[in-house]
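Everything on this sheet refers to the single structure shown next.
The values are calculated or read from the model by the stated rules, or taken from the named source; none is laboratory data. Predicted model only: the values in this text are computed from it and were never measured. Quick reminder, even Gly has a Cβ in these numbers, built from the backbone with ideal geometry, and neighbours come from all protein chains shown. To get the accessible areas, we keep the full protein, side chains included, count just its heavy atoms, and leave off ligands, DNA and RNA. Shrake-Rupley method; radii C 1.70, N 1.55, O 1.52, S 1.80 Å.
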Amino acid sequence: MGKITVETCEIEGLKVITPTVFGDERGYFMETYNYNDFKEAGIDLTFVQDNQSASKRGVLRGLHFQINHPQDKIVRVVSGEVFDVAVDLREGSATWGKWFGVRLSAENKKQFFIPKGFAHGFLVLSEYAEFAYKCADFYHADDEGGILWSDPEIGIDWPVPQGMELTISEKDQKWGGIKELKK
């Protein structure tokens with residue numbers, strides 16, 4: 001492997017990936033994705049769609065998932081810093097309903113692998129952030145699901161600095177709690 005370092009998380013399947021950065025007085029170079037390295041790390045997928053979003057400080061997006069077309073994702077920050085969160089929704093999982101969060105930034109260059117079966121969201125901590133997603137299935141607008149970002153059953157400890165005003169879409173404010181997903 002060598003070009004990436006992969007850290008496993010408390011929730012099985014989630015992985016934090018740090019690429020090797022080659023830098024000198026001109027700047028830096030890094031591979032953000034190499035099929036062989038990721039396959040060796042246990043991420044043997046075909047990615048079919050790349051997305052990028054931009055958001056200002058205090059924007060909270062999520063918690064989103066697709067119901068019938070779940071997506072494996074690798075996410076990273078191109079500019080700025082976010083607190084990125086995944087919530088385990090895999091049926092039968094010992095960690096169902098548990099969450100894991102990681103700071104992703106242009107500075108630390110970390111990436112976060114989120115397998116299908118997780119809800120995903122993030123909070124922008126910098127003045128501005130550009131966020132890139134690599135997805136293993138296509139987005140289907142009519143297949144969206146979500147969980148309320150502040151659901152006390154999940155208890156995500158969002159690192160909201162004193163005085164930060166959150167900006168949350170109307171849709172994201174209306175999602176139900178995780179209890180509504182239990183069968």
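What to note about this one:
- Charge sum, other residues only, whose C-beta stays under 15 Å from G80's C-beta, Lys/Arg counted +1 and Asp/Glu -1: +2
- Region 89-174, Rg to Rh (Cα coordinates; Rh as Kirkwood inverse mean 1/r): 0.94
- Theoretical ellipticity at 222 nm over the chain - DSSP helices of four or more residues, -39500 (n - 2.57) apiece, nearest 500: -1500 deg cm²/dmol
- Residues E31 and S169, FRET efficiency given R0 of 30 Å [Cβ-Cβ distance, rounded to 0.05]: 0.35
- Start at zero, step by 5 Å, and the Cα-Cα distances of region 123-169 spread as 4, 12, 17, 22, 21, 17, 5, 1 percent across the bins.
- Distant-in-sequence amide H partners of V78 (H built 1.01 Å from N, under 5 Å): E130, F131, A132
- Distance histogram in 10 Å bins (all Cα pairs of region 11-113, percent per bin): 12, 41, 37, 9, 1, 0
- Solvent-accessible heavy-atom area per residue, rounded to whole Å², over the chain at 1.4 Å: 54 Å²
- Taking max minus min of the alpha-carbon positions on each principal axis, the chain gives extents of 51, 39, 30 Å, largest first.
- Taking packing as the residue-averaged number of other Cβ atoms within 10 angstrom, the listed peptides 173-179, 125-131, 64-70 run from highest to lowest as 125-131, 64-70, 173-179.
- Rounded to the nearest 0.05, the FRET efficiency derived from the C-beta distance between W158 and K3 at R0 = 30 Å is 0.40.
- Taking a point 7 Å from the Cα of K56 along the Cα-to-Cβ direction, the residues of region 106-133 with backbone N closer than 15 Å to it are 124-130.
- Taken one residue at a time, the phi angles of region 16-30 give Karplus couplings (6.51, -1.76, 1.60, θ = phi - 60°) of 9, 10, 10, x, 6, 10, 9, x, 8, 5, 7, x, 8, 9, 8 Hz. Gly and Pro are set to x.
- Under a 5 Å amide H cut-off, with hydrogens placed 1.01 Å from N, F118 pairs with L89 among residues at least 5 apart or on other chains.
- Straight-distance crosslink candidates among lysines, where the alpha carbon sits under 18 Å from K134 and sequence neighbours closer than 8 are dropped: K15, K39, K73, K109, K110, K116
- Cβ-placed point charges (K, R +1; D, E -1), dipole of the chain about Cα centre in debye, nearest 20: 100 debye
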